[in-house]
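Notes follow once the structure below has been shown.
The values are calculated or read from the model by the stated rules, or taken from the named source; none is laboratory data. Worth saying up front: this structure is predicted, and the values here are computed from it rather than measured. Positions of Cβ are generated from backbone atoms using ideal geometry, with glycine treated the same way; all protein chains shown enter the neighbour counts. Protein only, heavy atoms only, side chains kept; ligands, DNA and RNA dropped before computing areas. Shrake-Rupley method; radii C 1.70, N 1.55, O 1.52, S 1.80 Å.
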Amino acid sequence: SAERKLPDAQNAKLSSESRFSLAYDAAHSLALAALRWHGFRSGNRYTVFQVLGWTASFPVAKWRFLDNCHKKRNVALYDGDYAEDEQLIAELIKVTKALQAAVIAMGPVPPGAS
């Protein structure tokens, strides 16, 4: 999912809201993949970001940034209050690419996981 959504998030022809949503969804998919790699699942969307330090050895500042993006996503989705922020989108794409590299570096899913 992330491999399809992340390139689309970089398409400047799309609205900033769509690009933010695509980049966020890519980050969430990658964080979920890291959790499942360890054989766990989560019923809460935000939890997958909060455990990235453990699941993908992801730096605190980066997973907290993703957690903050989750909060912004909820405000946009549930309250309809989206504030266009190109710098945020650019940083979200950058952090998501770093997460993608970390997840790829984890290697194949171990037997019995996912």
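Below, the figures for the structure above:
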read-out	value
Lone unmet requirement of (1) within 17 Å of P7 (Cβ to Cβ); (2) crowded, with 21+ Cβ neighbours inside 10 Å; (3) over 10 Å from the mean Cα position of the chain (by Cα) for A56	(1)
Criterion (more than 11 Å from the chain's Cα centre (by Cα) and either surrounded by 15 or more Cβ atoms within 10 Å (Cβ to Cβ) or at pLDDT 90 or above (or both)) met by exactly one of V103, V95, V109	V103
Failed item in (1) within 21 Å of S1 (Cβ to Cβ); (2) in contact with an Asp or Glu (Cβ under 9 Å, 6 or more places away or on another chain); (3) open to solvent by less than 80 Å² (accessible area, probe 1.4 Å), with K72 passing the rest	(3)
Qualifying residue in the stretch 13-27 (condition: in contact with a helix residue (DSSP H, G or I) (Cβ under 8 Å, 6 or more places away or on another chain), modelled with pLDDT of 95 or more and open to solvent by 60 Å² or more (accessible area, probe 1.4 Å))	yes
Enumeration of residues in the stretch 38-62 that are closer than 13 Å to V95 by Cα and without any contact (Cβ under 8 Å) to a residue 24 or more places away in the chain	F49, P59, V60, A61
Meets criteria (surrounded by fewer than 18 Cβ atoms within 10 Å (Cβ to Cβ) and hydroxyl-bearing (S, T, Y)) for T47	yes
Odd one out for A83 among (1) closer than 19 Å to A31 by Cα; (2) surrounded by fewer than 17 Cβ atoms within 10 Å (Cβ to Cβ); (3) modelled with pLDDT under 95	(1)
In the stretch 10-37, the residues that are under 12 Å from the mean Cα position of the chain (by Cα) and in contact (Cβ under 8 Å) with a residue 60 or more places away in the chain	F20, A23, Y24, A26, A27, L30, A31, A33, A34
